[in-house]
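Notes for the one structure printed next.
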Amino acid sequence: MTTFANGAELADALRRHDYIADDDFATVVHLATALERPLLLEGPAGVGKTELAKALAAAGDRRLVRLQCYEGLDDSRALYEWDYAKQLLHVQMLRDRIGELLGRHTDIADASRFLADQDFGLYSEKFLSVRPLLDAVLSPEPVVLLVDEVDRTEESMEALLLEVLAERQVTIPEVGTFTARSVPWVILTSNDTRELSPALKRRCLHFHVGYPTPEREREIVTARAPEVRPDTAGKVVDLAHTLRDLPLRKSPSVSEVIDAARAATVLGDGAAEADPFTDLRDVLFSTLLKYTGDVELARGRPDGADPARVSSPAPVERATVAARPANTTTAVFRGRGGGGHGGGGRDTAVSGARR
Ligand SMILES: Nc1ncnc2c1ncn2[C@@H]1O[C@H](COP(=O)(O)OP(=O)(O)OP(=O)(O)O)[C@@H](O)[C@H]1O
Ligand SMILES: [Mg+2]
């Protein structure tokens, strides 16, 4: 079984699977694996929360079991469901035999009592459709369990998660209690669309994944898109960091930066201009920005100044943006360690502050 001696060793293993983690992030992930504690990752979209679980599974030689959370997720999708079709087929196949036995009971109440007393084996492990949580518990080989976007489920779902995380066991009334056959590494991710319960947080180690530093982001682009030239990667990353300083409705994510770097490579290679990047910048906005208002803001201020050279937004920009719907990503994470460019700092301020 693959384990890691420390954060640096884990970071190296992740890097071999094209995942670039800061030292403090790698240390927390290592701690979670060493202490066998669930790790809750919070942060804006597209900063590598889900990808960490995938890379960790690959680095640790474990199967990835993923529970994708959404509103309305229930036990039957998260834990298990009885396979009715299989149960029905089973009963169909037994029908003749059951008929034979029932024939001996001429009185209907008698026949009914007889049936109720029979154990047809329908409620046994064989007839379970195993869903991710039970899969992780039943797996003989240890897995990485990814509970993705846990903030999208209702709080009632957290109670079930808590039982599994804390007790490492699942109780199925008809069958009994299954205790974990191996200890999974559990990664939970959240975009912070709602506050998670203190009980859930208490059971997890917690890390805020923020936007990477420019240096780190260049490494990520190179790892994920090796065809991109280093100078192109550098320019796209610088552009993204300038944009993240603007009060946008949605800041460019790491995945969008990778897309933009790929786009710059495809478009820039054929261009004859001395600095094709400057000409491409407007085109790159379509990969980096997803709202018309944000593109307008990035293209230029009303006074014609170039936003890419503006280090802090002018008051007029703030006024324009304030009139728009709430920033779904930037507002939530700006000022919490995620909006800054200092990499993924541990979040101490998340729990209290709301949008
Ligand atoms: N540290 C990193 N190392 C390597 N690739 C990264 C890293 N961070 C982000 N990426 C890239 O960004 C993409 C998006 O990451 P991911 O899907 O994990 O984001 P996320 O934080 O889960 O976003 P969301 O909250 O929207 O689900 C990945 O597929 C990967 O290509
Ligand atoms: Mg994700």
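The values are calculated or read from the model by the stated rules, or taken from the named source; none is laboratory data. Every value quoted in this text rests on a predicted model; they were computed, and no experiment measured them. Here the Cβ positions follow ideal geometry from the backbone for every residue, glycine too, while neighbour counts run over all protein chains shown.
What to note about this one:
- Listed by first and then second residue, the pairs with beta-carbon distance under 7 Å, at least 6 apart or on different chains, first residue in segment 244-264 and more than 9 Å from D294 (Cβ to Cβ) and among the hydrophobic types (A, V, I, L, M, F, W, C), second away from ligand 1 (no atom under 11 Å from the Cβ) and part of a loop (DSSP other than H, G, I, E, B), are A261/V228.
- Those strands (runs of 3 or more DSSP E) of segment 104-212 in which 2 or more residues are over 30 Å from A240 (Cα atoms), among the β-branched types (V, I, T) and touching a residue at least 60 places away in the same chain (Cβ under 8 Å) occupy 143-148, 169-172.
- Scan segment 63-115 for residues that are β-branched (V, I, T) and at pLDDT 90 or above and the total you get is 1.
- Test: residue in segment 44-59 that is more than 14 Å from ligand 1 (Cβ to nearest atom) and within 14 Å of L188 (Cα to Cα): no
- All positions within segment 1-47 that are within 16 Å of ligand 2 (Cβ to nearest atom), part of a loop (DSSP other than H, G, I, E, B) and among the β-branched types (V, I, T): V47
- Checking L67 against (1) more than 17 Å from H206 (Cβ to Cβ); (2) away from ligand 2 (no atom under 16 Å from the Cβ); (3) among the hydrophobic types (A, V, I, L, M, F, W, C), the condition it does not meet: (2)
- Residue that is outside the structural domain of T33 (by TED's automatic domain parsing) and crowded, with 21+ Cβ neighbours inside 10 Å, where the choices are L133, L146: L133
- The residue that is surrounded by the most Cβ atoms within 10 Å (Cβ to Cβ), among those in segment 157-182 that are farther than 22 Å from Y123 by Cβ and under 20 Å from the mean Cα position of the chain (by Cα), is L161.
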